[in-house]
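Participant: Could you have a look at this structure, given as structure tokens, before my questions?
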Amino acid sequence: MVRPIAYRGPVFTICYAVSRKGDSPGEKFFETLTMAEKAKSLGLFKRMGDAGSIVNDEKFGDLGKGLKEFKSFQIRMPCVIRSGQVIISHGFIKKKSSNHSRFACHA
């Protein structure tokens, strides 16, 4: 099964995983983003594909056990790196953190 390509660079090809059913949750998620969000995500894909890494932990994170994620503000796109490809599995919008403390002080 051919994986849809988001960006092809000299170091990595950024592509979307395809399920057994033939759909691509990562690509479907990407298509729901605004033009500005798409542009920011594509910028990250280009940097990874061209340079082979993104050193800013706020833009590309390590989830452990071989899983990584592209990060752009609240947008998260988990992925794995295999054989010259960065394969995006899906995407989601992270809930914003609250400014409220978990602990209340009662007088």
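Read-outs: derived from the displayed coordinates by stated rules, not from any lab. Keep in mind it's a predicted model, so treat the numbers as computed, not measured. Note: ideal-geometry Cβ built from the backbone for every residue, glycine included; neighbour counts use all protein chains shown.
Participant: Only sites in a loop by DSSP and with at most 15 other Cβ atoms within 10 Å count here; which GluC sites (Glu not before Pro) in the range 1-82 make the cut?
Facilitator: Those that pass, being in a loop and sparsely packed, are Glu58.
Participant: Across the range 14-22, in residue order, what do the Karplus-derived ³J(HN,Hα) couplings come to in whole Hz, using 6.51 cos²θ - 1.76 cosθ + 1.60 with θ = phi - 60° and x for Gly and Pro?
Facilitator: Each residue's phi maps through the Karplus curve to give 9, 9, 9, 5, 10, 6, 4, 6, x Hz.
Participant: Still on this structure, please answer the following. Hey, how many Å between the Cα centroid of the range 1-22 and the Cα centroid of the range 75-98?
Facilitator: 13
Participant: Oh, and also: Counting helices only, and only those DSSP H runs with n ≥ 4, report the 222 nm mean residue ellipticity of the chain as the sum of -39,500 (n - 2.57) divided by its residues, in deg cm²/dmol to the nearest 500.
Facilitator: So the helix-based figure for the chain works out to -7500 deg cm²/dmol.
Participant: What distance in nm lies between label points placed 7 Å from Cα along the C-beta direction at Arg82 and Val2?
Facilitator: Label at Arg82, label at Val2, 1.9 nm between them.
Participant: Could you give the length gained by full extension between Gln74 and Ser53, i.e. 0.36 nm per residue of separation minus their alpha carbon distance, to one decimal place?
Facilitator: Once the chain is fully extended between Gln74 and Ser53, it gains 5.5 nm.
Participant: Of all the stretches in the chain, which is the longest one without any exposed loop site, taking trypsin sites (Lys or Arg not before Pro) in a DSSP loop (any state but H, G, I, E, B) with at most 14 other Cβ atoms within 10 Å?
Facilitator: 22-64
Participant: Can you tally the net charge around Pro10? Count Lys and Arg as +1, Asp and Glu as -1, for every other residue whose Cβ sits under 15 Å from the Cβ of Pro10.
Facilitator: Spelling it out: positives minus negatives among the neighbours equals +2.
Participant: Considering the dipole of the chain built from charges on the beta carbon (Lys and Arg +1, Asp and Glu -1) around the Cα centre, which of Ser41, Leu63, Gln85 is farthest to its positive end?
Facilitator: With unit charges placed on the Cβ atoms, the residue in question is Leu63.
Participant: For the chain, what does the relative contact order come out to in percent, with C-alpha contacts under 8 Å and a separation of six or more?
Facilitator: Once divided by the residue count of the chain, the mean separation gives 27 percent.
Participant: Let me ask something else about it. Any idea what angle helix 35-51 forms with the longest principal axis of the chain, computed on alpha-carbon atoms, 0 to 90 degrees, nearest 10?
Facilitator: Between helix and principal axis, roughly 60 degrees.
Participant: Of the listed pairs Lys21/Lys96; Lys68/Lys94; Lys21/Lys59, which have alpha-carbon separations greater than 27 Å here?
Facilitator: Lys21/Lys96; Lys21/Lys59
Participant: Name the long-range amide H neighbours of Gly9: under 5 Å, sequence gap of 5 or more, or other chain; modelled H, no Pro or chain starts.
Facilitator: Ile14
Participant: Still on this structure: With only Lys, Arg, Asp and Glu charged, each at its Cβ (+1 for the first two, -1 for the last two), find how big the charge dipole of the range 5-93 is about the Cα centre; round to the nearest 20 debye.
Facilitator: For this selection, approximately 160 debye.
Participant: Quick one: Karplus J couplings for the range 74-89, per residue in order, coefficients 6.51, -1.76, 1.60, θ = phi - 60°, nearest Hz, x for Gly and Pro?
Facilitator: Once rounded to whole Hz, the list reads 8, 7, 10, 9, x, 7, 10, 10, 8, 6, x, 10, 10, 9, 8, 7.
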